[in-house]
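The values are calculated or read from the model by the stated rules, or taken from the named source; none is laboratory data. Quick caveat: nothing in here was measured; it's all calculated off a predicted structure. Positions of Cβ are backbone-derived with ideal geometry, glycine not excepted, and every protein chain shown enters the neighbour counts.
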Amino acid sequence: MEELRFERFTVDAADDLDARAADWIRACEQGFYGQDPDEASIGRSLESKRARGSVLTGVYDDAQAPPSLTAVWPVATFEEFAGEITLAPGRSLPAHLISGVTVRATHRRRGILRRMMTESLDRAQQAGRPIAALTVSEGSIYGRFGFSPAAFAQTVRVAVRDGLGLRADVRRTLESSGLRVVAVHPRDMEAIHDAVVVSFHSATPGSIDRLYGDRQRVTGRWGGDEGGPVKDLRAYACLAGDGTPLGFATAKFSGWKDDPRRLEITDLMAADPKAELALWEHLGAHDLVGELTWGGARTDDALSWALANPRDLRTEKRTDSLWVRVLDVPAVLEARSYAGQGTFRIEVSDPQGRIEGAWRVDVADGAAAVRADEAPAPDTVSTDAETLASLVTGAIEPWQAAGLGRLRGDETVLELVRALWTNEVRPLSATFF
């Protein structure tokens, strides 16, 4: 790769467009088959990257000449920034977030992605970030680097012919809850969004803290034509009796020609399950709407159990919403929750060598103390870096991993790990980056 030039840079804070960063954005958009962004779109992207402190990597081929785009634009892009992930209620860790990964087709199979990813994960470990995370457009690329699915979401369609068809006992529970749902102008959603995010993020395994762009979209400033203001966004807040925001939703009307006419939910968040149900009920009460759709529903969503006819809810698609890579085994294992009391030893293999080793895990009072332990012992389970990444968030259960041969050990030890490794709720990430 002698002819390739790797540059790392941050976005210029000046008012004028940063030309190098602007070309990076154009190359990244093309890599994801996006439209050629205008200056306003580039400005919004730069604003977002400044706000989250992104560091961009561009790879340049100086041997290229016009009219080739690669004479000016990078042939590969990579973005990294600091964030936070929740692994158990009330327990969060610093996270190394990765985005904007592209390599132009003319420059593939030259080790560019491997170098960008390897150097980025090196920096993450040097900075003391115990876990890395990304969202993916292709599922076969990142396993080789130790990433594995950590959270899933599903697309649901809910029939609401005469409102949301709740069971009578569920409706009584909602009516006695003291919750109320109000319509809010999107421009007034920022404080509501931020308050709900704090409680949701703290309570939800797999949650990545929300980013600058999420706030712009929930308030309707971004997300409309060519990324600009949204003119048809509807917003709702679920409030406790004292006015505390417990949840919110945004939605768009699909149009009068659709049959059934739909409200398409674009964002929905609540840490309280009753607040989430109250939002669903309110959305389903809109006149002339026959269906609600939502692409970010929990895979363990309780809504179908709240319906008098569970078939009113149809699941269309399940997709991974987050991938993670463990970079510090003790820090990550100590950040999740456990049940009961016990001790076991875990061996982790890692083709990249980042977390190869063995540790003793002592569990008591719902928490673990983890220390290095290289001495072989009969109470050992073994796994690999990829499987561990999915285990720590609860995306895969120990009994599932053991059944697939991805978690190995004596049956007595596996039974102990299954008992200790509690996952109260399935992980969910409501942040795309």
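Worth pointing out:
- Condition met for Gln35 (in contact with a helix residue (DSSP H, G or I) (Cβ under 8 Å, 6 or more places away or on another chain), at pLDDT below 95 and under 29 Å from Ile208 (Cα atoms)): yes
- Scope segment 380-421; condition in a strand (DSSP E or B) and touching a helix residue (DSSP H, G or I) at 6+ places or on another chain (Cβ under 9 Å); matching residues: Thr380, Val381, Thr383, Arg408, Gly409
- Among residues of segment 179-195 that are closer than 11 Å to Leu239 by Cα, those with a Cβ under 8 angstrom from a residue that is part of a helix (DSSP H, G or I) and not hydroxyl-bearing (Ser, Thr, Tyr), sequence gap 6+ or separate chain, pair up as Leu179/Lys274; Leu179/Ala275; Leu179/Ala278; Arg180/Ala278; Val181/Ala278; Val181/Leu279; Val181/Glu281; Val181/His282.
- Any hit, segment 80-88, residues being among the aromatic types (Phe, Trp, Tyr), modelled with pLDDT of 95 or more and over 25 Å from Ala151 (Cα atoms): no
- Residue selected from segment 409-431 under the condition under 22 Å from Ala331 (Cα atoms) and among the charged types (D, E, K, R), by the criterion surrounded by the most Cβ atoms within 10 Å (Cβ to Cβ): Arg426
- Being touching a residue at least 24 places away in the same chain (Cβ under 8 Å) and within 17 Å of Ala159 (Cβ to Cβ) is a description that does not apply to Arg234.
- Restricting attention to segment 42-83, the residues that are assigned to a loop (DSSP other than H, G, I, E, B) and among the charged types (D, E, K, R) add up to 2.
- Of the strands (runs of 3 or more DSSP E) lying entirely inside segment 125-229, those carrying at least 1 residues that are in the same structural domain as Phe253 (by TED's automatic domain parsing) and farther than 26 Å from Cys28 by Cα are 148-159, 180-184.
- Restricted to segment 73-124, and to residues there that are among the hydroxyl-bearing types (Ser, Thr, Tyr) and within 22 Å of the chain's Cα centre (by Cα), the residue that is nearest to Phe433 (Cα to Cα) is Ser99.
- Scanning segment 102-127 for residues that are of a type in the set (D, E, K, R) and within 14 Å of Arg5 (Cα to Cα) turns up Arg110, Arg115.
- Flag not set for Ser54, criterion: crowded, with 20+ Cβ neighbours inside 10 Å, closer than 21 Å to Ala133 by Cα and without any contact (Cβ under 8 Å) to a residue 40 or more places away in the chain.
- Meets criteria (of a type in the set (A, V, I, L, M, F, W, C), touching an Asp or Glu at 6+ places or on another chain (Cβ under 8 Å) and either surrounded by fewer than 22 Cβ atoms within 10 Å (Cβ to Cβ) or farther than 29 Å from Glu39 by Cα (or both)) for Leu179: no
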